[in-house]
Amino acid sequence: MQFKNQYKYFNPSLYEEIFAKPSWYLQIAAEFEELIANYNKLTTEEERDLIKEKRTEFIFLLSEYLEQDKVFINRNCEGYFDDERKEIDTIVIHHSSRPAEIPIEFMNALHLLNLYLPKFLNQTKHYFGKALYSGHSHNDKPTFIAYHYMIWPDGHFEQTLEDKYIGWHCGNWDYNCRSIAITFHDDLEEKEPTEQAINTAKELIQKYNPKEILGHREILSTTVCPGNKFLGENGWKRKLINKE
Ligand SMILES: [Zn+2]
């Protein structure tokens with residue numbers, strides 16, 4: 001088996017066996033607790049730095065097996081989470097908070113772990129313990145990505161989730177149901193997107209002619225996404241609204 005990454009914390013062949021089983025995510029509950037659930041509760045950069053490398057490695061490991069179709073996913077649940085999809089009237093802007101070189105597959109694995117696993121690990125849900133599904137596919141492969149579009153700093157973009165699917169992107173179900181998520185694949189915490197990326201976003205936004213364009217942070221106050229330069233008098237949100 002060819003891996004793009006080297007593994008130092010995890011033994012890939014062990015996980016190959018685990019991921020092939022329908023209930024694989026129950027067997028990685030410990031890794032999930034340490035690297036996802038607990039990590040997300042840490043409050044300081046120092047604490048996060050201690051397990052960041054291990055966490056990144058685990059996400060890469062899962063992403064490589066997802067890419068190779070070696071993770072057991074139920075593919076027969078197309079649209080099961082999309083009953084409440086509404087007419088699109090809102091665009092929600094995000095940044096990925098990661099360098100643009102990070103592959104989409106990594107974001108896919110990250111969203112699977114961050115968004116879907118907490119649901120499937122919830123014993124009160126009817127799908128608890130059953131084979132994992134998102135009901136979404138992209139290029140004929142199951143996908144867990146929450147964003148409809150990703151835009152790279154050079155201005156090119158990819159539609160990563162079809163419009164008909166609800167993206168689990170902003171932490172607010174009502175907004176998720178009626179929005180399209182456009183994500184700048186960049187770390188914009190303290191900088192603006194490139195001009196090329198802004199232009200692409202404007203073109204995409206015009207296609208939908210939304211009633212509202214909101215940054216993730218305008219919906220969920222606990223996130224800085226899409227960065228600290230988005231709002232305000234000179235914020236780059238203005239560039240997206242400007243029709244010229
Ligand atoms: Zn966001």
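Here, each number is a calculation from the coordinates, and none is a lab measurement. This structure is a prediction, so every number in the text was calculated from the model and none was measured. Methodologically, a virtual Cβ is constructed for each residue, glycine included, from the backbone with ideal geometry; neighbour enumeration extends over all protein chains shown.
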**Q.** Residue match in segment 179-197 (condition: buried (at least 18 other Cβ atoms within 10 Å of the Cβ), out of contact with any Asp or Glu (no Cβ under 8 Å at 6 or more places or on another chain) and free of Cβ contacts under 8 Å to residues at least 12 places away in the same chain)
**A.** no
Note: among 64, 46, just one is acidic (Asp, Glu), out of contact with any strand residue (DSSP E or B) (no Cβ under 9 Å at 6 or more places or on another chain) and under 27 Å from residue 216 (Cβ atoms), namely 46
Matching residues in segment 139-179 (away from the ligand (no atom under 13 Å from the Cβ) and of a type in the set (A, V, I, L, M)) number 3
Considering residues that are more than 10 Å from the ligand (Cβ to nearest atom) and in contact with a strand residue (DSSP E or B) (Cβ under 8 Å, 6 or more places away or on another chain), the number found within segment 222-231 is 2
Reported set for segment 90-124 where residues are more than 25 Å from residue 186 (Cα to Cα) and either surrounded by fewer than 16 Cβ atoms within 10 Å (Cβ to Cβ) or within 12 Å of the ligand (Cβ to nearest atom) (or both) is 118, 119, 122, 123, 124
Within segment 198-221, the count of residues that are within 11 Å of the ligand (Cβ to nearest atom) and touching a residue at least 40 places away in the same chain (Cβ under 8 Å) comes to 5
Among 69, 82, the single one that is more than 16 Å from the chain's Cα centre (by Cα), more than 16 Å from the ligand (Cβ to nearest atom), in contact (Cβ under 8 Å) with a residue 40 or more places away in the chain and at positive phi is 69
Scanning segment 100-130 residue by residue, those free of Cβ contacts under 8 Å to residues at least 12 places away in the same chain and part of a helix (DSSP H, G or I) turn out to be 119
Practice problem: Report whether or not residue 97 is touching a residue at least 40 places away in the same chain (Cβ under 8 Å), assigned to a helix (DSSP H, G or I) and more than 17 Å from residue 120 (Cα to Cα). | Solution: no
